Amino acid sequence: MPLIVDYDIGCGEDWSARSVTIEQRLNDAQRRLRLERAGDGWLVDGARDPQFDGCAEPDLGVTPSTNALAIRRLDLAIGQAAEIKCAWVKFPALSVEPSLQRYERLGNHDYRYTNVASGFTALVAVDQLAMPVSYEGIWMRIAEWQGDGS
């Protein structure tokens, strides 16, 4: 049976994540994880964990969609780069660990993502809303968004 993941991310008007609810099913096992922003840190299933103090955003390892949160909030000019600490959710373990990440804006819609600790890097192409269109060698959006841009 495949890994099935449903997630809901509640964001503020500034694109900062306020809460993340994840429901995962693998074989017959169902699991749930909830992250909630608490000041400059996060509650993990209702308990504050100081290792996530200063984490700017959640990063769900199963989807590149959470890269949009960092890209929108960093608002980098072409040629600029920045590092942020994120709460990285790993699948299928459904565990959370802090992760230092670097984003570099290469062009109007192109970024280089780097996990600083591991050295993993990927080119990420985004649309006009900063939603990923492709994640080098791993993921590609197969449907076009038909919204009005608002």
Scanning the range 29-70 residue by residue, the ones that are touching a Ser or Thr at 6+ places or on another chain (Cβ under 9 Å) and among the charged types (D, E, K, R) total 6
Any residue at all in the range 61-73 that's modelled with pLDDT under 95, outside any strand (DSSP E or B) and surrounded by fewer than 13 Cβ atoms within 10 Å (Cβ to Cβ)?
no
The range 1-24: number of residues that are in contact (Cβ under 8 Å) with a residue 24 or more places away in the chain and surrounded by 11 or more Cβ atoms within 10 Å (Cβ to Cβ)
11
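Before we move on, is Ile84 on the phi < 0 side of the Ramachandran plot, surrounded by fewer than 16 Cβ atoms within 10 Å (Cβ to Cβ) and not aromatic (Phe, Trp, Tyr)?
Values: on the phi < 0 side of the Ramachandran plot: yes; surrounded by fewer than 16 Cβ atoms within 10 Å (Cβ to Cβ): no; not aromatic (Phe, Trp, Tyr): yes.
Answer is no for this residue.
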Among the residues of the range 58-77, write down those that are of a type in the set (Val, Ile, Thr) and under 8 Å from the mean Cα position of the chain (by Cα).
Thr63, Thr66
Taking the residues in the range 85-134 that are touching a helix residue (DSSP H, G or I) at 6+ places or on another chain (Cβ under 7 Å) and small (Gly, Ala, Ser) as candidates, determine which candidate is modelled with the highest pLDDT.
Ala87
Which residue pairs have Cβ atoms closer than 8 Å, lie 6 or more positions apart in sequence or on different chains, and pair a first residue in the range 118-136 that is within 21 Å of Ser99 (Cβ to Cβ) with a second residue that is assigned to a loop (DSSP other than H, G, I, E, B) and among the β-branched types (Val, Ile, Thr)?
Ala122/Ile138
Report, by residue number, each residue of the range 1-45 that is part of a strand (DSSP E or B) and either touching a helix residue (DSSP H, G or I) at 6+ places or on another chain (Cβ under 6 Å) or on the phi > 0 side of the Ramachandran plot (or both).
Ala17, Gly41, Trp42
Could you say which residue among Ser134, Ser65 is closer than 19 Å to Ile22 by Cβ and in contact with a strand residue (DSSP E or B) (Cβ under 8 Å, 6 or more places away or on another chain)?
Ser65
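Restricting to the range 64-117, name every residue that is touching a residue at least 60 places away in the same chain (Cβ under 8 Å) and either among the polar types (S, T, N, Q) or touching a Cys at 6+ places or on another chain (Cβ under 8 Å) (or both). If you could, list the steps in order and put the result at the bottom.
The first filter runs over the range 64-117 and keeps only residues touching a residue at least 60 places away in the same chain (Cβ under 8 Å), leaving 64-65, 67-69, 89, 91-92, 94, 96.
If the condition is that a residue be touching a residue at least 60 places away in the same chain (Cβ under 8 Å) and either among the polar types (S, T, N, Q) or touching a Cys at 6+ places or on another chain (Cβ under 8 Å) (or both), then Ser65, Asn67, Leu69 are the ones that fit.
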Mind listing just one residue for me: the one in the range 135-146 that is under 19 Å from Thr63 (Cβ atoms) and modelled with pLDDT under 85 and, of those, surrounded by the most Cβ atoms within 10 Å (Cβ to Cβ)?
Trp145
I need the full set of residues from the range 41-60 which are of a type in the set (Asp, Glu) and surrounded by fewer than 19 Cβ atoms within 10 Å (Cβ to Cβ), in order please.
Asp45, Asp49, Asp53
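Is it the case that the range 86-101 has a residue that's under 15 Å from Gly61 (Cα atoms), of a type in the set (D, E, K, R) and assigned to a loop (DSSP other than H, G, I, E, B)? Give the derivation first.
Keep residues of the range 86-101 that are under 15 Å from Gly61 (Cα atoms), which gives 86-101.
Going one step further and asking which of them are of a type in the set (D, E, K, R), we end up with 90, 97.
Now narrow it down to the ones that are assigned to a loop (DSSP other than H, G, I, E, B): none.
There is no residue in the range 86-101 that is under 15 Å from Gly61 (Cα atoms), of a type in the set (D, E, K, R) and assigned to a loop (DSSP other than H, G, I, E, B).
The values are calculated or read from the model by the stated rules, or taken from the named source; none is laboratory data. Only a predicted model underlies this, so the values are computations on that prediction, with no experimental measurement involved. Quick reminder, even Gly has a Cβ in these numbers, built from the backbone with ideal geometry, and neighbours come from all protein chains shown.
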